[in-house]
Amino acid sequence: MIACRAWASLGVLSALMLMLAGCGRTGDEVMIGSKRFTESVVLGEVLKELVADSGTPVRHRRALGGTRILFNALVNGEIDAYVEYTGTLTHEILARSEPQDAAALVARLALDGIRLAGSIGFQNNFALGIPESRAAALGIVSISDLKAHPDLRLRFGSEFMDRADGWPGLRDVYGLPQRDVRGVEHELAYRALGAGDADVTEVYTTDAEIAAYDLRTLVDDLDYFPRYDAVLLYRADLERRSPVAVAALRRSLGLIDAERMIAMNAAMKIDGRAEAEVATDWLRTRFDLASAAPAEGRAARLLRYTLEHAMLVGVSLLAAVVVAVPLGILAAYRRRLGQGLLALIGILQTIPALALLVVMIPFLGIGAGPALVALFLYSLLPIVRNTHAGLVGIPATLRESADALGLSAGARLWRIELPLALPTLLAGIKTAAVINIGAATLGALVGAGGFGQPILAGIRLDDTDLILEGAIPSALFALAAQWLFERAERAVVPRGIRG
Amino acid sequence: MFVLDQVFKRYGQTTALDGVTLTFERGRTTALIGPSGCGKSTLLRLLIGLLTPDAGSVRFDAESLAVASLRRLRQRMGYVIQQGGLFPHLTARQNVTLMARHLGWSQARIAPRLADLVALTHFPADGLERYPSELSGGQNQRVALMRALMLDPEALLLDEPLGALDPMIRYELQEELKQVFATLGKTVVLVTHDLAEAAFLGHTLVLMRAGRIVQVGCLADLMTAPAEPFVEQFIRAQRSHLPEAVF
């Protein structure tokens with residue numbers, strides 16, 4: 001009976017695995033990607049709606065991650081198109097030995113089977129911003145003017161602080177003398193400027209905050225910052241697979257100028273409107289496109305997050321149980337091997353989730369795959385360790401009594417040892433489940449969906465409601481899982497060994 | 001039934017059995033007795049194959065206790081230890097019938113056998129659904145005895161079965177064990193450190209010291225013809241607590 005059930009769950013598991021393996025791509029769907037910040041997401045929405053308008057099936061995998069993840073996904077064919085910035089491309093994919101110009105970039109991309117179709121119509125460059133009132137009082141117009149004011153407090157996003165073409169290069173090229181320079185969260189830098197706690201920060205020229213905080217952008221008089229033209233990238237083979245989709249995508253060229261982009265960013269970040277809505281509004285104004293899909297209601301959205309999250313946790317946990325329990329048994333029976341095994345699985349646990357996710361993308365692509373593997377690996381330790389501990393903790397007299405009765409080793413394990421270890425084993429699975437539910441929110445970083453999606457979107461948009469929309473259900477989910485496991489424990493652990 | 005021939009057993013530097021040769025006769029109750037560490041428990045554990053001899057042979061019903069035959073032979077023996085060794089996750093009923101169920105006995109065969117055992121050991125029938133943690137020490141030993149007897153084994157091995165019980169319960173169970181042994185007529189090997197218990201339950205006493213057998217015989221033999229001064233010392237030590245001895 002119990003064996004039957006075990007086989008049944010194994011069957012369900014393999015079916016789910018197959019489903020997952022298949023869900024990377026479905027048919028002729030055109031796959032649009034976007035990076036993990038508002039502007040990129042809204043541009044992804046624009047591309048999606050243009051393709052949808054041509055009658056081609058299309059999906060937008062939103063906020064997948066950073067440049068590396070998106071570019072690799074494009075090269076590997078997991079997405080067909082996204083909007084990238086030329087400065088980033090030059091910096092990320094051209095070797096230093098190559099000429100750093102547009103022609104070299106186009107040629108290099110063609111080698112990877114990627115077309116650079118042209119500009120969307122705006123640049124999103126780096127610039128330095130300073131509150132208008134302060135700039136007027138000090139008479140600062142260009143970056144060179146900063147040299148005369150060594151006491152200014154500079155606050156930069158951590159990425160800008162570190163990258164060679166960020167602050168270090170800027171300081172050397174202009175010979176800037178400021179000493180009070182610190183790295184902070186980009187969003188916080190704006191707030192510090194607004195509160196008068198800082199004077200200068202780096203800005204992206206399409207940031208809505210420039211207007212909101214009344215900042216003056218300084219002239220880059222030594223031409224230090226590279227140009228960051230927003231350009232459309234798509235896979236060359238899409239021209240063959242779906243010329244209609246390519247034509248639709250190309251309608252985005254020259255579609256949005258800097259002023260429009262700033263307004264769109266403001267609509268989202270300042271007014272808190274959804275990316276899809278903002279994209280649709282502009283396309284309607286410009287092309288009279290009907291909205292492709294009605295906005296998803298909150299209930300439907302929550303249901304989708306819940307299902308995605310439950311799938312991530314359920315499948316990874318089930319697979320972990322199937323693998324970790326035998327490993328725990330092995331570790332208990334072969335003490336020396338067991339020590340090594342536990343140490344190895346312990347090391348797995350120390351790999352940062354983000355690193356693990358990114359490392360697996362080349363092999364498993366984006367989406368649920370890497371998230372499932374990461375969650376599976378993180379679930380192993382508590383289950384292996386508790387199975388091992390439960391078995392090792394059984395008094396020798398009981399094991400001998402089983403032997404003396406004439407039970408075989410297998411029967412002893414099945415009828416005596418595993419049932420005795422059950423409370424400890426279940427506690428391990430419960431721990432794994434609760435950790436897993438929390439960790440699964442990171443899956444949204446690689447497009448696996450789940451409650452992490454509203455959390456990440458909320459952080460991006462500085463929208464607490466959105467963050468809570470993910471955080472609260474996730475916490476409730478963890479509580480529900482805990483409650484469920486306690487019920488299950490009461491049901492399956494005999495009264496004689498209940499704690 | 002059991003035959004030991006020149007059996008040696010060591011634990012590291014300690015010699016537990018130092019060349020023991022002994023025969024246990026079918027249908028008789030033999031009590032192994034001696035001071036702590038004399039090797040009596042080791043001898044019992046060798047009989048059921050929980051230990052293997054370093055040298056010498058142990059045979060059961062003329063068959064050697066080899067790995068291949070061990071499980072089959074163990075099903076022809078019952079084994080009871082001091083604390084019962086009951087499985088805490090199983091009820092008394094499940095403990096007793098575990099092996100029978102594992103071997104695929106039908107309910108129609110299990111039920112009457114269990115009823116016989118409950119009657120034989122005077123176990124309260126309503127206690128069958130309780131877990132070991134919900135039963136008294138004496139009741140647990142009754143369950144352990146029922147479990148050992150469930151498959152109707154030819155031999156019964158008991159290692160200080162009453163050692164952990166308080167004197168009143170112990171006295172009562174000694175009476176019951178004697179009846180059970182008499183009723184069943186099985187080959188019984190009992191380990192105890194209590195001379196009175198050994199004499200009360202055993203047909204034959206085997207007195208051991210430091211891994212060797214000092215003397216084999218009934219209590220009268222030990223008293224009237226002690227093989228060496230140690231026999232007298234041992235008996236005197238035990239009697240000092242029992243001035244009006246049972247004999």
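Before moving on, here are some points about what is shown:
- Of all aspartates and glutamates in the structure, the ones whose alpha carbon falls short of 16 Å from that of B:Lys9, not counting any fewer than 8 places away in one chain, are B:Asp18, B:Asp54.
- Rounded tilt (10° steps) of A:2-22 against the dominant C-alpha axis of chain A: 20
- If you take the alpha carbon atoms of region A:427-499 and fit the smallest convex hull around them, that volume is 79 Å³ per residue.
- Nearby lysines by direct alpha-carbon distance to A:Lys48 (threshold 30 angstrom, same-chain neighbours under 8 apart not counted): A:Lys35, A:Lys269
- With a cut-off of 12 Å between beta carbons, the residues surrounding A:Arg153 carry a summed charge of 0, where Lys and Arg count +1 and Asp and Glu -1.
- Minimum 50 Å² accessible area buried by the other protein chains, region B:90-136 residues, probe 1.4 Å, relative to alone: B:Leu98, B:Met99, B:His102, B:Tyr131
- Residues B:Phe234, A:Phe156, ordered by accessible area of protein heavy atoms at a 1.4 angstrom probe radius and largest first, appear as B:Phe234, A:Phe156.
- Projected onto their three principal axes, the Cα atoms of region B:124-247 cover extents of 51, 31, 26 Å, largest first.
- Take every Cα pair under 8 Å whose residues are at least 6 apart in sequence, average their separation, divide by the length of chain B, and the relative contact order is 28 percent.
- Over region A:96-174, the fraction of Cα-Cα pairs per 5 Å bin, rounded to whole percents and listed from the shortest bin up, is 3, 10, 16, 16, 16, 14, 10, 8, 5, 2, 0.
- Normalising by residue count, region A:298-497 has a Cα convex hull of 124 Å³ per residue.
- Computed over region A:100-145, Kirkwood Rh from alpha-carbon pairs, angstrom: 14.2
- Evaluated at q = 0.09, 0.10 Å⁻¹: base-10 log I(q)/I(0), Debye formula over Cα of region B:29-166: -0.29, -0.36
- Per-residue [θ]222 nm for chain B (sum of -39500 (n - 2.57) over DSSP H runs n ≥ 4, rounded to 500): -11500 deg cm²/dmol
- Cα centre as origin, Lys/Arg/Asp/Glu Cβ charges: the protein assembly as shown dipole, Debye: 2960
- Summarising the strand pairing of the protein assembly as shown, around 55 percent of its internal DSSP beta bridges are antiparallel.
- Contour minus Cα-Cα distance for B:Ser57 and B:Thr14 (0.36 nm per residue): 13.5 nm
- Here A:Lys147 is the anchor, and the aspartates and glutamates within straight C-alpha reach of less than 17 Å, apart from those fewer than 8 places off in the same chain, are A:Asp172, A:Asp180, A:Asp199, A:Glu202, A:Asp220, A:Asp221, A:Asp223.
- Residues listed by number, region B:70-86, amide nitrogen under 20 Å from A:Ala409 label point at 7 Å toward C-beta: B:70-75
- Over all distinct Cα-Cα pairs of region A:264-351, the Kirkwood formula returns a hydrodynamic radius of 17.9 Å.
- Prolate/oblate/rounded label for chain B (Cα gyration tensor, a/c 1.5): oblate
- Residues along region A:392-408 losing 10 Å² or more of accessible surface when the other protein chains are present rather than the chain by itself (probe 1.4 Å): A:Thr397, A:Leu398, A:Glu400, A:Ser401, A:Asp403, A:Ala404, A:Leu405, A:Gly406, A:Leu407, A:Ser408
- Note on the protein assembly as shown: dipole from Cβ charges, positive end direction compared against B:Ala16, A:Trp167, A:Ala343; the farthest Cα belongs to B:Ala16.
- Buried area at the B-A interface (accessible, heavy atoms, 1.4 Å probe, summed, Å²): 2000
- Acute angle (nearest 10 degrees) that the helix A:396-405 long axis makes with the longest principal axis of chain A, alpha-carbon atoms: 50
- Lys, Arg +1 and Asp, Glu -1 on Cβ, resulting dipole of region B:134-183 about Cα centre, debye, nearest 20: 40
- Taking the alpha carbon gyration tensor of region A:78-217, multiplying each eigenvalue by 5 and rooting it gives semi-axes of 32, 17, 13 Å, largest first.
- Calculated FRET value between B:Gln75 and B:Ala125, using beta carbons and R₀ = 35 Å, to 0.05: 0.85
- Between helix A:418-439 and chain A: long-axis angle, C-alpha atoms, 0 to 90°, nearest 10: 10
- Within region A:126-217, percent of DSSP bridges classed antiparallel, to nearest 5: 55
- FRET efficiency estimate (nearest 0.05) - Cβ-Cβ, A:Leu479 to A:Asp162, R0 60 angstrom: 0.95
- Inter-part distance where region B:206-224 and region B:126-175 are each reduced to a Cα centre, Å: 27
- Using the alpha-carbon positions of region A:36-122, Rg (one decimal) and Dmax (whole number) come out as 13.5, 44 Å.
- The value of relative contact order for chain A, using C-alpha pairs under 8 Å at least six residues apart, is 16 percent.
- Over chain A, the reciprocal of the mean inverse Cα-Cα separation, the Kirkwood hydrodynamic radius, stands at 25.9 Å.
- With the simple model of a label 7 Å out from the Cα in the direction of the Cβ, A:Arg284 to A:Ala211 spans 2.0 nm.
- Amide hydrogen proximity for A:Tyr85: with H placed 1.01 Å from N in the peptide plane, the residues at 5 or more positions away or on another chain lying under 5 Å are A:Val231.
The values are calculated or read from the model by the stated rules, or taken from the named source; none is laboratory data. All values derive from a computational prediction rather than experimental measurement. Quick reminder, even Gly has a Cβ in these numbers, built from the backbone with ideal geometry, and neighbours come from all protein chains shown. Each accessible area value is taken on the protein alone, full model and side chains, heavy atoms only, with ligands, DNA and RNA left out. Shrake-Rupley method; radii C 1.70, N 1.55, O 1.52, S 1.80 Å.
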